[in-house]
Amino acid sequence: MADTIKKDAVVNEDELFTFVSNDSIESEKIIAPRYSYWRSVFRVFFRKKSNWVAITMLVLLFLCSFLIPAFCTYDPYENVTNATMFNQSPAQAMRQTGGFSFKWLLGSGQIGNSIFYGIWASARTSLLLASICAAINMSIGIIMGAVWGYSKTMDKTMIVIYSIIANVPYILLISVLVYIIGSGFWSFVFALTITGWLSISYFFRTQVMIIRDREYSLASRCLGTPIPRIISKNIMPFLTSVIVTLLATELPSYISVEVFLSFIGIGLSAKVPSLGRMIQEGQVAFRTYPWAFWPPVAIAALLTIILYVLGQNLADATDPRTHM
């Protein structure tokens with residue numbers, strides 16, 4: 001009887017306890033699990049269901065903006081000699097053209113142009129303009145801002161240049177440049193980027209100055225580390241969330257500027273499809289012909305809101321404090 005109890009006790013002990021070997025490599029894996037910064041960023045970002053909805057809408061807008069104009073050429077003057085097609089509602093336009101057609105899904109404009117085709121051709125222009133301008137301004141602004149904030153010699157010169165240019169209203173400067181060099185697509189890109197990087201550079205100069213005098217940066221300087229390496233390794237990685245935050249505001253801002261300047265008549269030329277010009281043409285009689293005014297307004301608003309929301313959420317996700 002006593003032997004049976006001892007055997008049961010041994011069995012119970014074996015079930016309750018498990019021997020773990022004293023392996024230093026395995027213990028390190030338990031104490032310090034592998035961490036991937038970008039994997040954590042995307043995990044936090046995609047945790048929000050609203051981001052999935054916004055991304056889906058943005059992908060659809062991109063596909064429509066680039067595929068529809070590629071297969072369905074938009075010609076705003078195709079019916080300019082046919083007065084019966086001017087300012088036609090969707091039902092009237094389809095009736096005159098012989099039945100249902102996506103081309104006249106949103107009716108026609110004041111010169112008989114297709115509103116549906118025009119919106120997507122104009123949205124493509126806005127997206128291309130915003131992407132190109134953001135790429136140029138952010139690239140130049142980040143590089144110049146990093147050097148500007150680190151070099152005290154360069155700081156004196158750049159502060160004077162920035163103080164002079166910053167006092168000139170941005171919209172006024174763009175308007176003057178457009179009048180001088182023309183209103184084509186690349187002329188407009190040049191006008192938006194010739195000084196657009198300067199405010200970004202000044203913002204990054206302030207951020208770099210905060211980080212450059214920290215202990216690890218001073219230690220790198222004492223060890224003789226080259227300045228470009230200090231900037232790229234010690235300073236820029238800490239500004240990832242700042243870069244994403246700034247990009248979130250830059251992308252929609254270029255669309256807004258293009259729409260506003262085209263709306264007041266000093267933006268892109270009439271040869272280039274533009275949401276601003278479509279809004280300008282439709283606002284003359286937006287109560288009488290609402291199909292010519294509200295669709296381009298809705299697309300312009302949707303693009304800017306989606307880009308801003310996604311950018312802000314991505315900026316929050318790049319903050320390491322949200323990875324807890």
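Some points to look at:
- Counting residues in segment 218-235 that are outside any loop (DSSP other than H, G, I, E, B) and touching a Cys at 6+ places or on another chain (Cβ under 6 Å) gives zero.
- Within segment 274-305, being under 21 Å from the mean Cα position of the chain (by Cα) and either crowded, with 19+ Cβ neighbours inside 10 Å or aromatic (Phe, Trp, Tyr) (or both) holds for SER274, LEU275, GLY276, PRO296, ILE299, ALA300, LEU303, THR304.
- Qualifying residue in segment 238-249 (condition: in contact (Cβ under 8 Å) with a residue 12 or more places away in the chain, closer than 22 Å to TYR77 by Cα and not in a loop (DSSP other than H, G, I, E, B)): no
- When residues of segment 159-214 are limited to those that are polar (S, T, N, Q) and more than 30 Å from ILE230 (Cα to Cα), the one surrounded by the fewest Cβ atoms within 10 Å (Cβ to Cβ): ASN167
- Of the helices (runs of 4 or more DSSP H) lying entirely inside segment 53-172, those containing at least 2 residues that are among the β-branched types (Val, Ile, Thr) span 115-150, 152-166.
- Test: residue in segment 84-94 that is of a type in the set (Gly, Ala, Ser), in contact (Cβ under 8 Å) with a residue 12 or more places away in the chain and under 22 Å from GLN280 (Cβ atoms): yes
- Among the residues making up segment 76-94, those that are among the aliphatic types (A, V, I, L, M) and either at positive phi or touching a helix residue (DSSP H, G or I) at 6+ places or on another chain (Cβ under 7 Å) (or both) are MET85, ALA93, MET94.
- Residue match in segment 194-213 (condition: more than 23 Å from ILE161 (Cα to Cα) and without any contact (Cβ under 8 Å) to a residue 60 or more places away in the chain): yes
- The test for being more than 27 Å from the chain's Cα centre (by Cα) and at pLDDT 85 or above does not hold for SER217.
- Filter pass, VAL189 being farther than 26 Å from ILE243 by Cβ, β-branched (Val, Ile, Thr), assigned by TED's automatic domain parsing to the domain that holds PRO228 and in a helix (DSSP H, G or I): no
- Residues satisfying the stated conditions in segment 112-124, i.e. hydroxyl-bearing (Ser, Thr, Tyr) and crowded, with 24+ Cβ neighbours inside 10 Å: SER114, SER122
- LEU239 farther than 19 Å from ASN113 by Cα and surrounded by 18 or more Cβ atoms within 10 Å (Cβ to Cβ): yes
- Failed condition for ARG287, given (1) in contact with a helix residue (DSSP H, G or I) (Cβ under 9 Å, 6 or more places away or on another chain); (2) without any contact (Cβ under 8 Å) to a residue 12 or more places away in the chain: (1)
The values are calculated or read from the model by the stated rules, or taken from the named source; none is laboratory data. None of the values given here were measured: they were computed from a predicted structure. All Cβ positions, even for glycine, are placed from backbone atoms using ideal geometry, and neighbour counts span all protein chains on display.
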